[in-house]
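The values are calculated or read from the model by the stated rules, or taken from the named source; none is laboratory data. Everything numeric here is computed off the predicted structure, so don't read it as measured data. As a convention, Cβ positions derive from the backbone with ideal geometry for all residues, glycine included, and neighbour counts pool all protein chains shown.
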């Protein structure tokens, strides 16, 4: 038996948001009496960090510390409509709605500050640490809390805003497929290094090197979480998972995690990531959505690495040892490709 | 594991002087999550909570002769047994909210079942165990029917009809075709003149979303005739509107609460558990929990559907891909759910991140006797990306070119025209390929390292070519065994007039083969070629269009959607 090394490459792009548009999301922003802001949404936090991303976008736009923002979601009585958390649409759609709402609230906060400081609101700026000051004169300042309090208790104004983001629905031409699918794309390219055991057919992913272009990493740790998790999921799809291992035959469907195979801790490959940011013109601070696309490039990269290692082209996922062994048998043994 | 930010790339397009955006701020909800205090739907355990379990089909395809619930109703702890007759509006399609497709799926089936695990009744009891015991006592008389599992077999003449709403076993697009078309340029001619024609077939397997928290909902009576529903949904108002329709209840009598979900990955948009729990609650007057167990999540809950893709590339010896043809089959399982939508998404995605002057695709949404498919991470894209990127490797191998260099050579760039007739912008494929290769120590030629997404795109690459169209694959033809190649027409990018394009035909050398617009055939393609547009949102409609018929809340009453 021999363990063969192989290296495979794949590159992809990924459409951000619901295809064809027509999928609005809304946000409501308001300040409490002392300048603590609440963001009301009906978007879903699946664990991907919806609440955190919208909170950071709101803080950046309002010009207040992130600690002064709390995101409340999802109660249909209080949260305005959102199409949902799918299609890599959360950051892009909801983030933009939050920006619209936060800009409206910020303008009211700055008007109140201007009145308190007896200056023009256009001359004010926020430092993101809870202060509003006259541009060029940091000494003439008021806290965001005091400005919000003054707005409500002296000027009788709500420090609030409402936002919606909608990409209007595109039609689709039946004859040519002409359409406007989405407004921006994320990108990725990935190199997978594998070993293939020509006796057992087992494929082991040894190393992954990747580059992901995400527009803007609103929260780099959450992006990292998506990229690492997504690559794991893609590796799992490439080598392990299916609900129908004899597809299209319906027999042998797994019903629990002891039958539905997934990589264990020992199967996780080292993954070195580069993050690129080419801001999307219509993304919130340029942000796209890394959530879905990060799982895609590793599947073909692994298939291509297996071919490079032993000359077996597995065209149907998952790449099980059985398929590799059948391929080796058909080829009369391993046919290693060029070392890269 | 390492993570690096390549801030040097696209730096001139980015303002990095931000306060909060770009910071690794700790998540707002992390303390609750790591201390086990975050409330998920299943933490709302009302006093007197009842539990629901479903009676499911053991057959892949069967007629229901009768359902006898009398024995089950007498079982200890059983509060109620539901059948389809209890569902106020027992036929729905998820994308009905978008006016896309016809209602094709019952909440509880009454006449027949089309996949193993399809629910025909539901028992509500004071414990899950008692509900399960009673499920075993529901007597269903089945008449098994022939079934079909393979997408291409399902389209053959004589295959069993899976879904009565779509008797051809395929979704109807635009009320005209059994597939969605993409036509750009003249693929057949380009294949004929290419140095090499390279074919392949690739298949995506069905995959379980596998969230740790399975699908579930708890519904309870609220005051003033309202009902509250705690849910694991990925789309709160989508599930609320779906429940409102199935239960024939104004949407403001429903109060949905969710937002903290134990993973979704696309498997929590089908909105089945919510109307079921609510129906149980409405009919018993008590709180009802309906939660799938792991087996249901894996075999009854909709997976990522299987896809089969045939690719044919026309390639020149220098690595330029001059034509690419796709035929794709999405295995929707027994009902539409969201597969029809994913196909349009896939159509807009082709031919992948490359600029290829001649592209065509036919994608079919096929019904088979298996668990309905639904969304999963990368929906509509992941399967075809596996096909495209596997095929790129095949092409590289066949013509003896470095796989990274082949990608960079063919990569799309700012200003290029895509087959769906919008101009590419904000591209970054070349840079990703260069960086990934560099990180891995994969050496590519200097010329390829010097290329950029921002350079040498557009120009001739921005043109919409004269395009060959056809009327093949009209609804019903395939099932009738008429799959022959039909009449071809060429639509040229119209010079001048009100639909002028700024592009010139990319392959004008054999212009004689292309019909002049003045000699247009009596049947016209649905839309004339439009001026190239960048990938920006189309303008909002000026005036509200005719609202769609129906009394239930819809998110889109734009009549245009129904024509898709």
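Report, by residue number, each residue of the range A:194-220 that is more than 25 Å from the chain's Cα centre (by Cα) and either surrounded by 24 or more Cβ atoms within 10 Å (Cβ to Cβ) or modelled with pLDDT under 95 (or both).
Hits for the range A:194-220 are A:194, A:196, A:203.
Evaluate the following for residue B:17: is it under 30 Å from residue A:273 (Cα atoms) and surrounded by fewer than 18 Cβ atoms within 10 Å (Cβ to Cβ)?
Yes.
What is the number of the single condition among (1) touching a strand residue (DSSP E or B) at 6+ places or on another chain (Cβ under 6 Å); (2) outside any helix (DSSP H, G or I); (3) more than 19 Å from residue B:65 (Cβ to Cβ) that residue B:134 does not meet?
(2)
Kindly indicate the residue of the range B:419-431 that is within 14 Å of residue A:190 (Cα to Cα) and within 7 Å of chain A (Cβ to nearest Cβ) and also surrounded by the fewest Cβ atoms within 10 Å (Cβ to Cβ) among those meeting that condition.
Selected residue: B:431.
Which members of the range B:182-205 meet the condition of being out of contact with any strand residue (DSSP E or B) (no Cβ under 6 Å at 6 or more places or on another chain) and within 8 Å of chain A (Cβ to nearest Cβ)?
B:205
Confirm whether residue A:34 is surrounded by fewer than 24 Cβ atoms within 10 Å (Cβ to Cβ) and more than 7 Å from chain B (Cβ to nearest Cβ).
Yes, satisfied.
Read through the list (1) in a strand (DSSP E or B); (2) in contact (Cβ under 8 Å) with a residue 40 or more places away in the chain; (3) away from every other protein chain (no Cβ under 13 Å), then give the number of the only condition that residue B:277 fails.
Evaluating residue B:277 over (1) in a strand (DSSP E or B); (2) in contact (Cβ under 8 Å) with a residue 40 or more places away in the chain; (3) away from every other protein chain (no Cβ under 13 Å) leaves (1) as the failure.
What number of residues in the range A:47-75 are facing chain B (nearest Cβ under 7 Å), in a loop (DSSP other than H, G, I, E, B) and buried (at least 24 other Cβ atoms within 10 Å of the Cβ)?
Of the residues in that region, 3 qualify.
Within the set of pairs 6+ apart or on separate chains, which have a first residue in the range B:202-217 that is surrounded by 23 or more Cβ atoms within 10 Å (Cβ to Cβ), a second that is assigned to a strand (DSSP E or B), and C-beta atoms under 6 Å apart?
B:202/B:309; B:204/B:307; B:207/B:304; B:216/B:291; B:217/B:229; B:217/B:231; B:217/B:290
For residues that are at negative phi, more than 7 Å from every other protein chain (Cβ to nearest Cβ) and part of a loop (DSSP other than H, G, I, E, B), tally how many sit in the range B:380-418.
Qualifying residue count, the range B:380-418: 7.
Conditions: (1) in contact with a helix residue (DSSP H, G or I) (Cβ under 7 Å, 6 or more places away or on another chain); (2) more than 8 Å from chain B (Cβ to nearest Cβ); (3) without any contact (Cβ under 8 Å) to a residue 40 or more places away in the chain. Residue A:256 meets all but one. Number of the miss?
(2)
Within the range A:271-291, which residues are surrounded by fewer than 23 Cβ atoms within 10 Å (Cβ to Cβ) and either more than 7 Å from chain B (Cβ to nearest Cβ) or assigned to a loop (DSSP other than H, G, I, E, B) (or both)?
Across the range A:271-291, the qualifying residues are A:279, A:281, A:282.
Could you tell me whether any residue of the range A:221-230 is at the interface with another protein chain (Cβ under 8 Å from one of its Cβ atoms), under 32 Å from the mean Cα position of the chain (by Cα) and assigned to a loop (DSSP other than H, G, I, E, B)?
Scanning the range A:221-230, I find no residue that is at the interface with another protein chain (Cβ under 8 Å from one of its Cβ atoms), under 32 Å from the mean Cα position of the chain (by Cα) and assigned to a loop (DSSP other than H, G, I, E, B), so the answer is no.
Kindly list the number of the only condition in (1) within 14 Å of chain A (Cβ to nearest Cβ); (2) under 30 Å from residue A:24 (Cβ atoms) that fails for residue B:89.
All conditions pass for residue B:89, except number (1).
Evaluate the range B:124-132: report whether one residue or more is without any contact (Cβ under 8 Å) to a residue 12 or more places away in the chain and over 27 Å from residue A:247 (Cα atoms).
yes
Please count how many residues of the range A:327-340 are more than 10 Å from chain B (Cβ to nearest Cβ) and in contact (Cβ under 8 Å) with a residue 40 or more places away in the chain.
5
From the residues in the range A:155-192 that are part of a strand (DSSP E or B) and within 19 Å of the chain's Cα centre (by Cα), which one is farthest from the other protein chains (Cβ to nearest Cβ)?
Of everything passing the filter in the range A:155-192, A:165 is farthest from the other protein chains (Cβ to nearest Cβ).
Looking at (1) at the interface with another protein chain (Cβ under 7 Å from one of its Cβ atoms); (2) assigned to a loop (DSSP other than H, G, I, E, B), which is the one condition that is false for residue A:211?
(2)
Taking into account only those residues within the range B:340-363 that are farther than 14 Å from residue B:325 by Cα and touching a helix residue (DSSP H, G or I) at 6+ places or on another chain (Cβ under 8 Å), which is surrounded by the most Cβ atoms within 10 Å (Cβ to Cβ)?
B:353
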